[in-house]
Structure formats: structure tokens, C-alpha cells
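Participant: One structure follows; several queries about it will come next.
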Amino acid sequence: MITVHHYLTISAILFSLGTFGVLTRKNAIVVFMCIELMLNGVNLSFIALSHHLGNMDGQVFVFFVMAVAASEAAIGLALMIAFFRNKESIEVEDFNLLKW
């Protein structure tokens, strides 16, 4: 039988993989995908705990997280297109326009 501990373990693994990807990858698109993986890990834990506790609060937070993820993807991809048109690259190290 699958318990809430199993879901929380998978959620922690997804979040850890996303964090590892954000910290180690240089491609901005892959970094965005890793952020999405982290958000999905959080969503899984919200749903598991919401079901386990028997209330709807976690499911409401999931809709909020999904709205944040959708807006992050839209704004992030627009920024990527703008940077690619200027720099011809989507490497994170090339995004030094806001540095001193």
C-alpha cells in the first residue's frame, strides 16, 4: 500500500533533482525545466498532505503554484527569446547585462 510517506519521499527526490539541476546546469531552458520540476515536487507534497489530512487547503495552494509556474514560464521564455536575439546564446553565464 502506498502511504503519504512514499509520496513525500518522491516529492523530496523531485525537489532535490530540480535543485541540483538549477545549481549545476548552464542552459537557461534546462534551468527553467528544473524549476518546474521543483514546483511539481512541491505540488505533489501539497496534494499528498491535503489528502492525508482531509482538507482542501493543499489543493488550493497547488492552483496558486500552477499559476506562478505558468507565469514564470511565459515571462522566462519571453526573456530567453529577447536574450537570444541580442546575444545569440541562452547560456546563463552570458546573461551579465544587469551586472556592474
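Participant: How big is the equivalent ellipsoid of the chain along its three axes, where each semi-axis is √(5λ) from the Cα gyration tensor, reported in whole Å from largest to smallest? All intermediate terms of the calculation are to be shown ahead of the outcome.
Facilitator: Values: eigenvalues 217, 45, 14 Å².
Sorted largest first and rounded, they come to 33, 15, 8 Å.
Participant: For region 25-38, take each phi angle, set θ = phi - 60°, evaluate the Karplus expression 6.51 cos²θ - 1.76 cosθ + 1.60, and give the result in whole Hz per residue in order, putting x for glycine and proline.
Facilitator: 7, 10, 7, 5, 5, 5, 5, 5, 5, 5, 5, 4, 5, 5
Participant: Find the accessible area per residue for region 1-54; the probe is 1.4 Å, ligands and nucleic acids are left out, and the unit is Å². Display every interim value, and only then the final one.
Facilitator: Working: 3580 Å² over 54 residues.
Here the per-residue accessible area is 66 Å².
Participant: May I ask you to compute the full-extension gain from residue 19 to residue 80, defined as 0.36 nm times their residue separation minus their alpha-carbon distance, rounded to one decimal in nm? Don't jump to the answer; show the numbers that get you there.
Facilitator: Working: separation 61, 0.36 × 61 = 21.96 nm, distance 2.03 nm.
Difference between extended and current length: 19.9 nm.
Participant: Sticking with this one: Per DSSP H run of n ≥ 4, the term is -39500 (n - 2.57); total these for the chain, divide by its residue number, and report the mean residue ellipticity at 222 nm rounded to 500 deg cm²/dmol. If you can, show how the numbers build up before the last one.
Facilitator: On the way: 3 runs with 78 residues, N = 100.
So the calculated ellipticity at 222 nm is -28000 deg cm²/dmol.
Participant: What do you get for the angle between helix 4-24 and the principal long axis of the chain? Use alpha-carbon atoms, 0 to 90 degrees, nearest ten.
Facilitator: The helix 4-24 is inclined about 10 degrees to the chain.
Participant: With contacts defined as alpha carbon pairs under 8 Å and 6 or more residues apart, what's the relative contact order of region 16-85 in percent?
Facilitator: Working: 42 pairs, mean separation 18.1, N = 70.
Computed value for region 16-85: 26 percent relative contact order.
Participant: Same structure again: Given a Förster distance of 25 Å, report the FRET efficiency between residue 36 and residue 2 from their Cβ-Cβ distance, rounded to the nearest 0.05. Let's see the in-between values first.
Facilitator: Details: r = 24 Å, r/R0 = 0.96.
Plugging the Cβ-Cβ distance into 1/(1 + (r/R0)^6) gives 0.55.
Participant: Under 5 Å between amide hydrogens, which residues at least 5 positions from residue 89 or on another chain qualify, with H placed 1.01 Å from N in the peptide plane?
Facilitator: Excluding prolines and chain starts, which carry no amide H, there are no hits.
Participant: Moving to a separate point now. If you take the beta carbon distance between residue 93 and residue 59 as r and set R0 to 30 Å, what does 1/(1 + (r/R0)^6) give as a FRET efficiency, to the nearest 0.05?
Facilitator: Between residue 93 and residue 59 the formula returns 0.15.
Participant: Within the accessible area of the chain, what % is carbon and sulfur when the probe is 1.4 Å and the other protein chains stay in place? Write out the running numbers ahead of the final one.
Facilitator: Values: 5280 of 7330 Å².
Reported share for carbon and sulfur atoms: 72 percent.
The values are calculated or read from the model by the stated rules, or taken from the named source; none is laboratory data. Quick caveat, the model's predicted, so the values are computed rather than measured. Note that we place each Cβ from the backbone using ideal geometry, even for glycine, and neighbour counts take in every protein chain shown. Accessible surface is based on the protein model in full, side chains and every heavy atom, while ligands, DNA and RNA are left aside. Shrake-Rupley method; radii C 1.70, N 1.55, O 1.52, S 1.80 Å.
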